[in-house]
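First up is the structure itself, then whatever we jot down about it.
The values are calculated or read from the model by the stated rules, or taken from the named source; none is laboratory data. The structure presented is a predicted model; accordingly, all values stated were derived computationally and were not measured. Glycine gets a Cβ as well: all are built from the backbone with ideal geometry, and neighbour counts include every protein chain shown. Calculation scope for accessible area: heavy atoms of the full protein, side chains included, ligands and nucleic acids excluded. Shrake-Rupley method; radii C 1.70, N 1.55, O 1.52, S 1.80 Å.
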Amino acid sequence: MIKNFIGNLYRWAQKNSLWVMHFNSGSCNGCDIEILDTLTPRYDVERLGIVAEASPRHADVLLCTGPVTRQSRDALWQIYSQMPEPKWVVAVGSCSNTGGVFHGSDTVLGGVDEILPVDLYIPGCPCRPEAIIEGLIALRERIYPNVRK
Ligand code: SF4
């Protein structure tokens, strides 16, 4: 009974407290600026339990922007591997979804899913903050769907 209660409490807290970390693996900075906009008080995502986190060791969600370049591949993997389980990856913008306008370049490997398991794709060039927030809410709904908000 107590074990069940603690398990439910943990899942409830996890669902309602997503700490997000951002990593740019080669974007033009358009999507990065939109992520920064999303995290400003104007959108107040903390009301949804979404908090920006600088350290991968404390982050639940990795927000990736840009295509994966040969130069950034190892850093992207290293950051992901430092995040504790459970963890989720969100590809923000067309470049991180598929490689976008950089697809086919010699220095570009493709979208983020070439390196990491992506849980959610948010298209757009760049993504608007509203789309990023909607995506994070959709991700939250997928996490422990039977647990109340
Ligand atoms: S999707 Fe568009 S805005 Fe975002 S990194 Fe690619 S080119 Fe830049």
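A few notes on this one:
- Accessible-area value, Ile33, 1.4 Å probe, nucleic acids and ligands omitted, Å²: 90
- Summing Lys and Arg as +1 and Asp and Glu as -1 over all other residues whose Cβ lies under 13 Å from the Cβ of Cys31 gives a net charge of -2.
- Accessible carbon and sulfur surface of the chain relative to its total accessible area, %, 1.4 Å: 56
- Residue-count net charge about Ile132 - beta-carbon cut-off 10 Å; Lys, Arg +1, Asp, Glu -1: -3
- Top of Pro84, Pro129, Pro56 by mean-square fluctuation, Gaussian network on the chain, Cα under 10 Å: Pro84
- The residues of the chain expose on average 55 square angstrom of accessible surface per residue, using a 1.4 Å probe on protein heavy atoms.
- Reducing the range 87-137 and the range 1-18 to their Cα centroids gives an inter-centroid distance of 30 Å.
- Length-normalised contact order for the chain - Cα pairs under 8 Å, 6+ apart - percent: 27
- Neighbour cut-off at most 16 other Cβ (10 Å), DSSP loop, trypsin sites (Lys or Arg not before Pro), the range 70-145: Arg70
- For the chain, a Gaussian network of Cα nodes joined below 10 Å ranks Ser27, Ser94, Ser72 by mean-square fluctuation, and the top entry is Ser72.
- From its DSSP helices (H runs of at least four residues, each -39,500 (n - 2.57)), the chain gives a residue-normalised ellipticity at 222 nm of -10500 deg cm²/dmol.
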